[in-house]
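What follows is one structure encoded as structure tokens, with my remarks underneath.
The values are calculated or read from the model by the stated rules, or taken from the named source; none is laboratory data. Owing to the predicted nature of the structure, the values given are computational and were not obtained by experimental measurement. Neighbour counts are summed over all protein chains in view; Cβ atoms, including those assigned to glycine, are modelled from backbone coordinates with ideal geometry.
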Amino acid sequence: MWQLTQTSEFLIDIGSSLANLVASFVIASFLGVLLGLVLGTMRFLSWLLEPAIHFFRAIPPVALVPIFVSLLGFGNETRILAITVAALFPVLISTIDGVRANDETLDMVSKVYRLTWSERLFQVTLPAAAPRILSGMQVSLIAAFVVMIASEMLGSSTGLGAKTLLAQQTFAIADMWAGIILLGIFGYLATFLFDLFRRRILRWYIAAQQQERQL
Amino acid sequence: MTHIHTSTTAPVIDRPVRLEVSALKKSYTTKKGDVPVIEDLTFDLRQGEIACIVGPSGIGKTTLLKCLAGLQPITSGQAMIDGNVIDGPPEELALVFQEYTRSLMPWLSVEHNVKLPLKHLHLPAEERRQRVTSSLEAVGMGDAAQKYPWQLSGGMQQRVAIARAVAYRPEVLIMDEPFASVDAQTRFELEDLCLRIREQFDMTILVVTHDIDESVYLSNRVIVLGQRPAKVTEIITVDFEQPRDQLTTRALPQFAELRSKVFELIRKAG
């Protein structure tokens, strides 16, 4: 496995996988929060679109990969698109929930003090919804990881998933195990890093909850 | 800013009217037709006056405050602040809510909670800082600027909420049962804080309370609401000397007299 990591081809595979994962996760989070804010505040729009959202969410994300392959071919865009779509729904739905659950009192406070539109968004709505949004992103990250591997196993030749499958098909058992273990390590690292990020953003929330438990 | 120290015994009757409520009506529209909550409410508040609204529970006191704060539309009649009709949250008004645990932003420090409403007022940075510090000091929370709301006790959180309102420098400060959920000792402290703030910032303060003693202790006038839909039963003038004191003022014979009068009116109304 160590020798494997020395070869440049292998590094390219890892790089390609991780770049896809990060890019898609970032795009999905951004779009999910943006759409979630819009749908969470506009009742009518969400009433219109929610059935569709719940239908698409119900489809296992991996099952979408063949559709994208047939539409876009085997290029890297296909993989990014598939991962993004998979990661979009959890964060989208949790953002909608988070925005809706906004406290009525804080809403009145914002009105009485005539907070501007952007102050309300960035100082009230988003922070209040942040705990839910970040839980959604956590689920999104896992979905993104699964679809990252799946998308590489379907007709791709680059990426960790592709290499691991190829190793299995050519009976390079050691390489296969190396791939699987690496995937495990990356999966672990990704959730670990995200958790650090979450703890940093939600310091107030985590501390407040601890406080509550002590009382 | 307004540090006009009025003589403590000056009758408020000579001062300009800040809040004027005339023939205010509020009803909710339901499927079964309109349900009136407030019927024909008329009173006014003069600068530097503290008035308390008391009445049986469920009479629509909170609804009234929401109407005055521009959070709910008035059905008919009108409310004016400084001569301007209230048809949305007026900038001359601040509101302190009963639920102190939910009215501060837990993700902002005390200082930033107080500062948040000031941002769009386009004050010079120096004045903004000064307002935050002075109002936190006025409520006795000068040392807690860097703390977070959830690190504070209930009474302290309510102090911060009051500081936030004070820093906003409203003409009229409205409080919705502000001391209802704190312990008795804290309650006395907050009542005196309320009197001090009126003195220091020359604010007009309207307090909704269900505590009869509190209403007599705080007020220049007690507005007793009665019946459903709500109407003003009587407006009682309280003319004890200022400054008031928790021990001596409450021990006055007139205090007991007024207290029983208010109590009787409420009982009759309920």
Every pair of residues 6+ apart whose Cβ atoms lie under 9 Å, when the first sits in segment B:160-178 and is farther than 14 Å from A:Met108 by Cα while the second is of a type in the set (S, T, N, Q) and assigned to a strand (DSSP E or B):
B:Pro170/B:Thr204; B:Glu171/B:Thr204; B:Val172/B:Thr204; B:Leu173/B:Thr204
Regarding segment A:21-28, can at least one residue be identified that is aliphatic (A, V, I, L, M), over 21 Å from A:Ile142 (Cα atoms) and touching a helix residue (DSSP H, G or I) at 6+ places or on another chain (Cβ under 6 Å)?
no
Which numbered condition in (1) surrounded by fewer than 19 Cβ atoms within 10 Å (Cβ to Cβ); (2) modelled with pLDDT of 90 or more; (3) closer than 23 Å to B:Cys194 by Cα is the only one that B:Gly140 fails?
(2)
(1) surrounded by 22 or more Cβ atoms within 10 Å (Cβ to Cβ); (2) within 14 Å of chain A (Cβ to nearest Cβ) all hold for B:Gly154 apart from (1)
Please tell me if A:Ala208 is among the small types (Gly, Ala, Ser), part of a helix (DSSP H, G or I) and either in contact with a strand residue (DSSP E or B) (Cβ under 8 Å, 6 or more places away or on another chain) or within 14 Å of chain B (Cβ to nearest Cβ) (or both).
yes
With respect to the numbered conditions (1) modelled with pLDDT under 90; (2) away from chain B (no Cβ under 14 Å); (3) on the phi < 0 side of the Ramachandran plot, which one is the sole condition not fulfilled by A:Val91?
(1)
Across segment B:12-33, what is the number of residues that are in a strand (DSSP E or B), touching a residue at least 24 places away in the same chain (Cβ under 8 Å) and over 18 Å from B:Ile235 (Cβ atoms)?
3
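Against the definition (assigned to a loop (DSSP other than H, G, I, E, B) and modelled with pLDDT of 90 or more), how does B:Pro56 come out, yes or no?
Values: assigned to a loop (DSSP other than H, G, I, E, B): yes; modelled with pLDDT of 90 or more: no.
Taking the combined requirement at face value, the residue does not satisfy it.
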Subset of segment B:87-100, residues crowded, with 24+ Cβ neighbours inside 10 Å and away from chain A (no Cβ under 11 Å), comes to none
From the list B:Ser135, B:Ser103, which one is among the hydroxyl-bearing types (Ser, Thr, Tyr), away from chain A (no Cβ under 11 Å) and touching a helix residue (DSSP H, G or I) at 6+ places or on another chain (Cβ under 6 Å)?
B:Ser135
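Here is a check on your reading of the model: is A:Asp103 more than 30 Å from A:Glu152 (Cβ to Cβ), in contact with a Lys or Arg (Cβ under 7 Å, 6 or more places away or on another chain) and either of a type in the set (A, V, I, L, M) or more than 11 Å from chain B (Cβ to nearest Cβ) (or both)? Reasoning before the result, please.
Details: more than 30 Å from A:Glu152 (Cβ to Cβ): yes; in contact with a Lys or Arg (Cβ under 7 Å, 6 or more places away or on another chain): yes; either of a type in the set (A, V, I, L, M) or more than 11 Å from chain B (Cβ to nearest Cβ) (or both): no.
No: the conditions fail for A:Asp103.
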Residue that is nearest to B:Val114 (Cα to Cα) [pool: residues in segment B:172-222 that are within 14 Å of chain A (Cβ to nearest Cβ) and among the acidic types (Asp, Glu)]:
B:Asp176
When the residues of segment B:107-117 are filtered to those that are at the interface with chain A (Cβ under 9 Å from one of its Cβ atoms) and within 23 Å of the chain's Cα centre (by Cα), which remaining residue is farthest from B:Gln151 (Cα to Cα)?
B:Pro117
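Does B:Thr75 fit the bill of being out of contact with any Asp or Glu (no Cβ under 7 Å at 6 or more places or on another chain), closer than 27 Å to B:Glu199 by Cβ and away from chain A (no Cβ under 14 Å)? Steps first, please.
Details: out of contact with any Asp or Glu (no Cβ under 7 Å at 6 or more places or on another chain): yes; closer than 27 Å to B:Glu199 by Cβ: no; away from chain A (no Cβ under 14 Å): yes.
Criteria not met by B:Thr75.
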Output the residues belonging to segment A:106-119 that are surrounded by fewer than 17 Cβ atoms within 10 Å (Cβ to Cβ) and more than 7 Å from every other protein chain (Cβ to nearest Cβ).
A:Asp107, A:Trp117, A:Ser118
Note on B:Gly48: of the conditions (1) at negative phi; (2) away from chain A (no Cβ under 14 Å), unmet is (1)
